[in-house]
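Please read the structure below before turning to the comments.
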There are 2 protein chains.
Amino acid sequence: MDGMKFCNQCGSQLEWRIPEGDNAHRHVCGECQHIHYLNPKVIVGCLPIWEGHKVLLCKRAIEPRYGAWTVPGGFMENGETVEQGTIRETVEEANATVELGGLHSVYSVPHIGQVFLFFLAELKNLDFYPGVESLEVRLFTEDEIPWEEVAFNSTRFALERFFGDLKNGGTDGTPHMGQFVRGL
Amino acid sequence: MDGMKFCNQCGSQLEWRIPEGDNAHRHVCGECQHIHYLNPKVIVGCLPIWEGHKVLLCKRAIEPRYGAWTVPGGFMENGETVEQGTIRETVEEANATVELGGLHSVYSVPHIGQVFLFFLAELKNLDFYPGVESLEVRLFTEDEIPWEEVAFNSTRFALERFFGDLKNGGTDGTPHMGQFVRGL
């Protein structure tokens, strides 16, 4: 369970129990009986590609993983499509102009309730610069990627698959499905 | 904004305003300043296919769209991958045994903060029967689909693309990207 303690409908204390007819523990209000479901969050991002083989990465200026490198991306917001969220995050973090291509990878991280959706994207010019959540943004060939400083398993998964596909003549359009399961 | 009124951390009243350094309205606690983000929810489901051209649909026993037909699916939960969630929902709604194939479609509905992820799936046998959230489950050929009683735009999108691909020799593995934007 997370840090929820009070009902957002009536302000009373929450209980952590299995509601009638359910099969999982939920935050249930002891007063008004409102059930507070917790669902996974979507992280949308892209691999901005330049000259077919260089990828734009951002050095994080925020926690978690301050100082580590990742593709531009972030939490999808209400009111936007996955594509709009991806473009928004790419601008916010790297001020980069991209044209989205196909969906590149779908990566689940169940123990923290996250799903990553990454697109391939064509970087349209070199006028990118760090947004407030990035210390630095730059292009990397495969050999230049600082693998020890890649921020997340999802980032590593997407980058490895991208460069793997490059060696095999490029993607066939089928997204890569991945997951990080703690303890495996 | 949705119906959130009280802070889930301290129980005080929420304000609806733009936090410092942000650019969107959020539920912010007037007391402890905790920011309550609202993010899209993921609906996972599949198209269970029998004999290559029949799809299993469920007649909904719950609102919204009670009595209308849709593919098995539902809200992804914390603690599971997209694939695990899809299998779980397929069992819960149709008691159907499927083997998941590739990702079939990704469909955003921004005005209600939802993202649908549908997989192609092979139905393994005919021992399916309605779960508690279904009135009926059955197989449909394209001609049999009750198009006027299809529950959601996302369902219609996935079914139309599936049967469209069939006519063109099957899917090439690239997921169909769609969206329903209100007012368009």
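The values are calculated or read from the model by the stated rules, or taken from the named source; none is laboratory data. If you're wondering where the values come from, they're calculated on a predicted model, not measured in any experiment. For neighbour counting, all protein chains shown are included, and Cβ atoms are generated from backbone atoms with ideal geometry for every residue, glycine included.
Things worth noting here:
- Residues in the range B:150-172 that are over 20 Å from the mean Cα position of the chain (by Cα) and either assigned to a loop (DSSP other than H, G, I, E, B) or small (G, A, S) (or both): B:G164, B:N168, B:G169, B:G170, B:T171, B:D172.
- Of the strands (runs of 3 or more DSSP E) lying entirely inside the range B:1-59, those containing at least 2 residues that are in the same structural domain as B:T155 (by TED's automatic domain parsing) are B:41-50.
- When the range B:16-34 is filtered for residues that are surrounded by 16 or more Cβ atoms within 10 Å (Cβ to Cβ) and in contact with an Asp or Glu (Cβ under 8 Å, 6 or more places away or on another chain), the ones remaining, listed by number, are B:H27, B:V28, B:C29.
- If the condition is being within 14 Å of chain B (Cβ to nearest Cβ), among the aliphatic types (A, V, I, L, M) and surrounded by 22 or more Cβ atoms within 10 Å (Cβ to Cβ), then the range A:44-72 contributes only A:V44.
- Residue check, A:G113 surrounded by fewer than 23 Cβ atoms within 10 Å (Cβ to Cβ), facing another protein chain (nearest Cβ under 10 Å) and more than 15 Å from the chain's Cα centre (by Cα): no
- Exactly one residue among A:Q9, A:Q13 is surrounded by 16 or more Cβ atoms within 10 Å (Cβ to Cβ), within 11 Å of chain B (Cβ to nearest Cβ) and not aliphatic (A, V, I, L, M), and that residue is A:Q9.
- The sole residue among B:F75, B:F128, B:F119 that is crowded, with 17+ Cβ neighbours inside 10 Å and within 19 Å of the chain's Cα centre (by Cα) is B:F119.
- Residues in the range B:92-110 that are surrounded by fewer than 19 Cβ atoms within 10 Å (Cβ to Cβ) and more than 12 Å from chain A (Cβ to nearest Cβ) were compared, and the one that is nearest to A:K41 (Cα to Cα) is B:E99.
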